[in-house]
1. Taking only the stretch 94-108 into account, find how many residues are part of a helix (DSSP H, G or I) and either in contact with a Leu (Cβ under 9 Å, 6 or more places away or on another chain) or farther than 20 Å from Tyr44 by Cα (or both).
2. Given (1) over 20 Å from His88 (Cα atoms); (2) surrounded by 14 or more Cβ atoms within 10 Å (Cβ to Cβ); (3) β-branched (Val, Ile, Thr), identify the lone condition not met by Ile230.
3. Pick from Gly199, Gly182, Gly161: which is within 20 Å of Glu47 (Cα to Cα), touching a Gly at 6+ places or on another chain (Cβ under 7 Å) and of a type outside the set (A, V, I, L, M)?
4. For Leu31, state whether it is over 25 Å from Phe216 (Cβ atoms) and in contact with a helix residue (DSSP H, G or I) (Cβ under 9 Å, 6 or more places away or on another chain).
5. Scanning for something farther than 20 Å from Gly182 by Cα and modelled with pLDDT under 95, does the stretch 121-128 turn up at least one residue?
6. Report the residue count in the stretch 32-57 for those that are more than 26 Å from Ser130 (Cα to Cα) and β-branched (Val, Ile, Thr).
7. If you go through the stretch 202-210 one residue at a time, do you hit one that is surrounded by 13 or more Cβ atoms within 10 Å (Cβ to Cβ) and part of a loop (DSSP other than H, G, I, E, B)?
8. Which one is nearest to Gly237 (Cα to Cα), of the residues in the stretch 200-221 that are of a type in the set (D, E, K, R) and in contact (Cβ under 8 Å) with a residue 12 or more places away in the chain?
Amino acid sequence: MLKIAVITDAHANLPALEAALDAIHAEGCDLLFHTGDAIAIGPYPDECLDLLLDTPNIHFVAGNHESYFVDGLPEPQPEWLSDGEIEHQHWTHARLGEQRRAMVAEWPYILEREFEGVRTDFVHYGLAPSGRDFVSVVRQATATDMDRMFASHDADLIFYGHNHFRSDLQGKARYVDPGSLGCYDKAVARYCIAEFQQGRYTVEHRAVPYDDAALFRTFEQRDVPEREFIYRVFFGGRFHS
């Protein structure tokens, strides 16, 4: 039997990441996968990335925020990317520095694995033809939407993230989004545990609480750009300056 844990969209939320990693360690998992967007939004981009990089038996795929870090922000500036968001990205990238950029540049955009005969893919979201960009988010996606998005994948099970909502759909494959670990309207860190044995598998969704007092305090102490927008959109409005 093989047991893996899957997390996604840690988004520089160190207290949530620490809580999830402690719980995953207690599970006794063989491997850990993070399906993109470890950085940005939260106030701890360097601390989170360092913790993840130091975690044994972990594997990464790149998300759109890693792409912004490695390849640069889209130019010319698209309508959907505000001046405040650009300032936030520059703040994040400055904290991370060039050495970490080189490490993140090695992350692939898709991982294809086979566990006990189960073909399993890890990707941040549906890839655009470039292979380094992502298709637009499908809200309230159905299994048919996922079949279309991941039509090029030859897999039984696909783990992804990006839209921050937990989802688990069965179509031509099973499509599992654990839900963003770092961005949620409750102080809980979400993740998945999957077990594989002789061609069969199970997936269980988990969540562990964390104390978010230090998270809010660090947002304010570090004067994180665009934090009022972040509080409202990514944390359910539970923080206020």
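The values are calculated or read from the model by the stated rules, or taken from the named source; none is laboratory data. Treat the numbers as computed from the prediction; the structure is a model and nothing was measured. Note that we place each Cβ from the backbone using ideal geometry, even for glycine, and neighbour counts take in every protein chain shown.
1. Total satisfying the criteria: 4.
2. (1)
3. Values: Gly199 fails: within 20 Å of Glu47 (Cα to Cα); Gly161 fails: within 20 Å of Glu47 (Cα to Cα).
After applying the criteria, what remains is Gly182.
4. no
5. If we filter the stretch 121-128 for residues that are farther than 20 Å from Gly182 by Cα, which is where we start, we get 121, 126-128.
This time we only want the ones that are modelled with pLDDT under 95, so: 128.
Within the stretch 121-128 (the criterion being farther than 20 Å from Gly182 by Cα and modelled with pLDDT under 95), the answer is yes, since at least one residue qualifies.
6. Restricting attention to the stretch 32-57, the residues satisfying the condition of being more than 26 Å from Ser130 (Cα to Cα) are 32, 42-48, 50-57.
Going one step further and asking which of them are β-branched (Val, Ile, Thr), we end up with 55.
The number of residues fulfilling the criteria is 1.
7. Yes - at least one qualifying residue is present in the stretch 202-210.
8. Applying the first criterion (of a type in the set (D, E, K, R)) to the stretch 200-221 yields 200, 204, 206, 211-212, 217, 220.
Cutting the leftovers down to in contact (Cβ under 8 Å) with a residue 12 or more places away in the chain gives us 200, 204, 206, 211-212, 220.
Numbers: Arg200: 41, Glu204: 28, Arg206: 23, Asp211: 16, Asp212: 13, Glu220: 15 Å.
The residue in question is Asp212.
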